[in-house]
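Report on the following structure.
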Amino acid sequence: IRAPLVLPTNQHDANELLRECIVYVVFPHEQDILHLINRMVQFVLNEGPMFEAMIMNKELNNPKFTFLFDNKSAEHCYYRWRLYSLLQGETFAKWRVEEFRMFKNGSMWKPPPIHSKADLNVIMGAVETKGEPQKQRGQLTNPQRDKLEDMLRGLTVERDTIGTCMHWCLQHADAAGEIVECISESLSILQTPPTVKAARLFLCNDLLYNSCAEVQNASFYRTKWLLTAGHLL
């Protein structure tokens, strides 16, 4: 027979109960949610807490971003642990597995065990496959989305970087909607340095100019930008 749970009646007892709790961190089971959380962590690390606040405001009713709001969910615990872990200098492939306290006098956190490299590849959705990864029509694969975000972060006002990114976008014009959405989000980040934001605007200009090029689906960019322009003003 299990003893009944006795709730604390004062702040001291509540603090003691909190200190004795253990938060077990587990990997999200859904690959798309796992990848989304990892990508969110990378953006918050690069752009700062204002980016997290912006996404929380924008995606308030988006069920995919529930992990930002439901602090009792396993996905939220994974998100908070992963963010903390990387801030301590750990990586997506290697982290300490010992229990620790994230906050003074707070609960104990128990990281997930480190898997073999093969298991990690499966968990992180980074399994090497022959050829291009499968994707739905009109959408980027996860590696393609990561590449686009890396290019946007590395853009400068030099023509070479803008031209390389524009050429890549034209090659993936069938996913123009997602690409325009990604560029638009990058333009709305308040902490972005002015020179990087200017480079992204130059990229938009070049994509619009070349949307008339004889490249399959290039015209999609003109349509998508017209639908998105109002959100950028």
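The values are calculated or read from the model by the stated rules, or taken from the named source; none is laboratory data. The model shown is predicted, which means the values in this text are computed figures rather than measured ones. Ideal geometry is used to build each Cβ from the backbone, glycine not excepted, and the neighbour counts take in all protein chains shown. Please note that ligands, DNA and RNA were not included when accessible areas were found on the heavy atoms of the full protein model with its side chains. Shrake-Rupley method; radii C 1.70, N 1.55, O 1.52, S 1.80 Å.
Against the numbered list (1) open to solvent by less than 30 Å² (accessible area, probe 1.4 Å); (2) without any contact (Cβ under 8 Å) to a residue 40 or more places away in the chain, Val41 comes up short only at (2). When segment 196-233 is filtered for residues that are within 26 Å of Pro49 (Cβ to Cβ), open to solvent by 90 Å² or more (accessible area, probe 1.4 Å) and at pLDDT 85 or above, only Leu201 remains.
Taking segment 41-64 as the range and being within 20 Å of Pro143 (Cα to Cα) and at pLDDT 90 or above as the test, the residues that pass are Val41, Lys64. Surrounded by fewer than 16 Cβ atoms within 10 Å (Cβ to Cβ) and aliphatic (A, V, I, L, M): is that true of Leu148 in this structure? No, not satisfied. Scanning segment 94-112 for residues that are at pLDDT below 90 and either open to solvent by 60 Å² or more (accessible area, probe 1.4 Å) or charged (D, E, K, R) (or both), we see that the one that is farthest from Glu20 (Cα to Cα) is Lys94. Give me the residue from segment 180-195 that is touching a helix residue (DSSP H, G or I) at 6+ places or on another chain (Cβ under 7 Å) and free of Cβ contacts under 8 Å to residues at least 40 places away in the same chain and, out of that set, surrounded by the fewest Cβ atoms within 10 Å (Cβ to Cβ). Looking at the filtered set, the residue picked out is Cys182. Taken as a whole, the structure leaves Arg153 outside the set of residues that are touching a Leu at 6+ places or on another chain (Cβ under 6 Å) and closer than 30 Å to Pro49 by Cβ. Residues that are under 11 Å from Ala199 (Cα atoms), hydrophobic (A, V, I, L, M, F, W, C) and open to solvent by less than 30 Å² (accessible area, probe 1.4 Å) within segment 151-174 comprise Leu152, Leu155, Ile162, Cys165, listed in sequence order.
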